[in-house]
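Novice: Quick one: structure below, then a few questions.
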2 protein chains.
Amino acid sequence: MARDPVASADMSRPQKRNSSSDTSTKSPKRRRLRKISANGRGNIRESNEVRLLQAAETVFAERGFSGATTAEIAARAKLPKANLHYYFRTKAELYRAVLANMLELWLSELDRFTAERDPSEVVAEYISAKLNWSRRRPNASKVFANEILHGAPFLKSYLARDLRQRVEDKAGVVRHWIDQGKMRPLDPKHFVFQLWAVTQHYADFEVQVRAVLGRRRLTEADFADAAANITQLILQGALISPRPSGRAHK
Amino acid sequence: MARDPVASADMSRPQKRNSSSDTSTKSPKRRRLRKISANGRGNIRESNEVRLLQAAETVFAERGFSGATTAEIAARAKLPKANLHYYFRTKAELYRAVLANMLELWLSELDRFTAERDPSEVVAEYISAKLNWSRRRPNASKVFANEILHGAPFLKSYLARDLRQRVEDKAGVVRHWIDQGKMRPLDPKHFVFQLWAVTQHYADFEVQVRAVLGRRRLTEADFADAAANITQLILQGALISPRPSGRAHK
DNA sequence: GGAGAACTTGACCATTTGGTCAGATCGTCG
DNA sequence: CGACGATCTGACCAAATGGTCAAGTTCTCC
């Protein structure tokens with residue numbers, strides 16, 4: 001129950017004109033205040049919003065923002081189209097909600113990058129976690145990829161503010177590890193890009209991966225292979241395993 | 001809009017132009033037979049097709065297949081829309097042309113993977129080459145990425161045939177290198193995925209990269225940094241540099 | 001029990017958009 | 001020069017689609 005992802009949708013409620021000015025959400029008009037009778041049960045709104053969000057994630061992933069139709073989303077959610085527009089006034093608002101819904105999850109994955117921890121452990125964990133997202137929620141990744149691919153009309157400010165800051169911070173941690181001789185001297189930001197690239201690839205380019213591997217679907221084993229390969233590549237390529245010779249470790 | 005653009009060859013659209021005058025010479029799949037007067041100069045058709053293809057690449061990259069409008073493409077090519085449809089009967093046909101136009105270039109880059117050559121040299125070259133494509137023709141990469149992202153409706157067969165076979169072949173080469181102790185024992189296909197992922201990332205996720213790096217545009221220096229990072233990561237992570245002492249690694 | 005909010009939905013509508021057409025105009029070659 | 005195909009293009013059109021409405025139906029709570 002809890003895990004209400006809709007919470008983040010808050011910011012997308014009072015949506016209005018869009019285009020590229022996303023931060024301007026001033027909420028000029030409070031949406032119908034939801035009664036939400038304390039009744040712990042049967043919150044119709046929540047139930048329907050979740051269904052719509054899930055359907056939307058799938059459709060947006062498959063068709064992109066322009067290619068997706070509210071009719072198809074509604075159909076997939078098994079609701080009449082007019083009902084979809086009752087919960088989400090516009091396609092853009094629904095799209096925003098889907099994005100917000102996912103960013104919340106992603107951003108936090110970088111939290112484990114802290115100077116005190118051991119980089120090889122952190123990196124291995126991160127790869128595993130991101131790869132898991134690619135496996136469990138490929139559509140979320142695809143919607144995000146599609147958004148970025150087309151110039152991030154809705155996420156420009158998110159990228160420039162939150163994400164940039166976050167990476168800036170974590171780059172500091174990586175730099176610290178480098179200074180400590182735990183990592184090779186590489187550019188921290190590019191290192192992060194590389195991590196993102198290889199892990200998200202399995203969701204975004206899933207069709208290609210499947211075609212090349214000759215699979216009808218990517219199996220758990222395929223992801224295990226991917227994880228093993230990526231981990232080895234990154235750990236060997238970017239980390240410096242504590243050698244008996246040099247300075248102490250841990 | 002057409003539900004499924006895949007329709008491999010939906011040229012069934014009867015042009016109903018007339019009933020005979022066209023010599024009914026549908027001989028080769030080729031459309032209207034181009035006179036191509038030996039006139040070495042001013043081949044109008046070619047000139048216009050090129051302009052349309054370039055405009056289309058840009059628009060498809062920015063908007064995706066569904067989001068792109070033939071009107072915008074035509075405008076960008078500075079031609080009336082009807083003229084666009086004179087050269088490319090449908091949006092799908094134009095889109096196909098854009099894709100084909102690029103695959104031709106990409107597929108060949110893998111040619112350098114031959115057993116005789118030194119892997120570290122080959123890989124470094126490949127990374128550099130792919131990264132160059134990302135820099136010089138980001139739109140081509142984006143159109144491709146978008147196509148794959150949405151299930152490769154137009155490229156399914158290409159992926160399953162040509163690409164798969166090509167990777168299969170090159171995987172053999174990588175395996176050979178591994179057997180020779182020149183590379184670490186990794187999965188060859190996943191290794192290729194990793195190469196693609198990190199290099200194309202700079203074209204497909206350009207906006208994100210720019211945002212995080214705080215650049216208005218990615219500079220040559222940025223790509224140099226990327227190349228250095230990727231090369232180090234991959235070479236250190238996947239190759240085994242000839243050690244004076246025994247080959248014992250690990 | 002019933003007032004009013006929350007929710008539902010079929011019917012509509014204004015735009016957008018891919019694609020067509022028929023009548024010009026241009027270019028080339030015998 | 002004249003024929004004829006290649007090229008050009010403004011005007012259209014039918015289908016698709018985002019979004020609106022107003023008339024219901026269901027819930028909640030006093």
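The values are calculated or read from the model by the stated rules, or taken from the named source; none is laboratory data. Quick caveat, the model's predicted, so the values are computed rather than measured. Here the Cβ is made from the backbone with ideal geometry for all residues, glycine too, and neighbour counts use every protein chain on show. What goes into the accessible areas is simple: the full protein's heavy atoms, side chains included, and nothing from ligands, DNA or RNA. Shrake-Rupley method; radii C 1.70, N 1.55, O 1.52, S 1.80 Å.
Novice: Averaged across A:214-226, how many Cβ atoms of other chains sit within 10 Å of each residue's Cβ atom? Show your work: numbers first, answer last.
Specialist: Details: counts 4, 0, 0, 0, 0, 0, 0, 0, 3, 0, 0, 4, 5.
The shielding value for this peptide is 1.
Novice: A further question follows. Based on alpha-carbon centroids, what's the gap between region A:148-211 and region B:119-193 in Å, whole number please?
Specialist: Region A:148-211 and region B:119-193 have Cα centres separated by 21 Å.
Novice: Work out the mean other chain Cβ neighbour count within 10 Å for the residues of B:159-165 and drop it here as an integer.
Specialist: Details: counts 7, 5, 1, 0, 3, 6, 1.
If you average over the peptide's residues, the count of other-chain Cβ atoms is 3.
Novice: While we're here: Between the label point of B:R175 and that of the same position in each other copy, find the distances and list them shortest first in nm, with every label point placed 7 Å from Cα along the Cα-to-C-beta direction.
Specialist: For B:R175, the other copies' label points sit at 4.6 nm, shortest first.
Novice: Compare the Cα positions of B:L159, B:A124, B:F113 along the charge dipole of region B:100-238 (+1 at Cβ of Lys, Arg; -1 at Cβ of Asp, Glu; about the Cα centre) and return the one farthest towards the positive end.
Specialist: The residue sitting farthest along the positive end of the dipole is B:L159.
Novice: Per residue of A:227-235, what is the mean number of Cβ atoms on other protein chains within 10 angstrom of that residue's Cβ?
Specialist: Values: counts 1, 3, 11, 7, 1, 7, 11, 4, 1.
Average per residue, whole number: 5.
Novice: Sticking with this structure for a sec: Based on the mean of other Cβ atoms within 10 Å per residue, sort peptides B:188-200, B:74-86 so the most packed one is first. Spell out each step's value before the answer.
Specialist: Values: B:188-200: 22.8, B:74-86: 15.5.
Final packing ranking: B:188-200, B:74-86.
Novice: Now for a separate question. With every protein chain kept in the model, how would you rank A:T70, B:T219 by accessible area, 1.4 Å probe, largest at the top? If you can, show how the numbers build up before the last one.
Specialist: Numbers: A:T70 25, B:T219 60 Å².
Reading off the accessible areas and sorting them downward yields B:T219, A:T70.
Novice: With label points built 7 Å along Cα→Cβ from the Cα atoms of A:D162 and B:R117, find their separation and express it in nm.
Specialist: That separation, rounded to one decimal, is 4.3 nm.
Novice: For region A:33-151, with only Lys/Arg (+1) and Asp/Glu (-1) charged at the beta-carbon, what is the dipole magnitude about the Cα centre, in debye rounded to 20?
Specialist: Numbers: 19 positive and 14 negative charges, 165 e Å.
About 800 debye.
Novice: With only Lys, Arg, Asp and Glu charged, each at its Cβ (+1 for the first two, -1 for the last two), find how big the charge dipole of region B:44-89 is about the Cα centre; round to the nearest 20 debye.
Specialist: 160 debye
Novice: Let me ask another. If I model a spin label as a point 7 Å beyond the Cα along the Cα-Cβ vector, how far apart are those points for B:R216 and B:E125 in nm?
Specialist: Going by the 7 Å Cα→Cβ label model, 3.8 nm.
Novice: Moving to a separate point now. What are the label-to-label distances in nm, one decimal and shortest first, from A:T114 to the same spot in the other copies, with labels 7 Å along Cα to Cβ?
Specialist: Its label point is 5.4 nm from the equivalent points in the other copies.
Novice: Please list, in chain and number order, the residues 5+ apart from A:M183 or on another chain whose amide H is under 5 Å from its amide H, with Hs placed from the backbone.
Specialist: A:I178, A:I240
Novice: Report the FRET efficiency, 1/(1 + (r/R0)^6), for A:A228 and A:A82, where r is their Cβ-Cβ distance and R0 is 51 Å, rounded to 0.05. Can you show the working numbers first?
Specialist: On the way: r = 50 Å, r/R0 = 0.97.
So, using R0 = 51 Å, E works out to roughly 0.55.
Novice: Keeping all protein chains in the complex and leaving out DNA, RNA and ligands, what accessible area do you get for A:R63 with a 1.4 Å probe, in Å² to the nearest 10?
Specialist: For A:R63, the solvent-accessible surface is approximately 80 Å².
Novice: Another question, if that's okay. Would you mind listing the distances between the B:R215 label point and the same position in each other copy? Use 7 Å along Cα-to-C-beta, nm, one decimal, shortest first.
Specialist: Values, ascending and in nm: 3.4.
Novice: Still on this structure: Counting only protein chains, not ligands or nucleic acids, how are B:I148, A:I44 ordered by accessible area (probe 1.4 Å), most first?
Specialist: On the way: B:I148 0, A:I44 115 Å².
Result of the area sort, largest leading: A:I44, B:I148.
Novice: Work out from phi, with θ = phi - 60° and the Karplus expression 6.51 cos²θ - 1.76 cosθ + 1.60, the ³J(HN,Hα) of each residue of region A:208-213, listed in order in whole Hz, and give x for Gly and Pro.
Specialist: Karplus-based 3J(HN,Hα) across region A:208-213 equals 5, 4, 4, 4, 5, 7 Hz.
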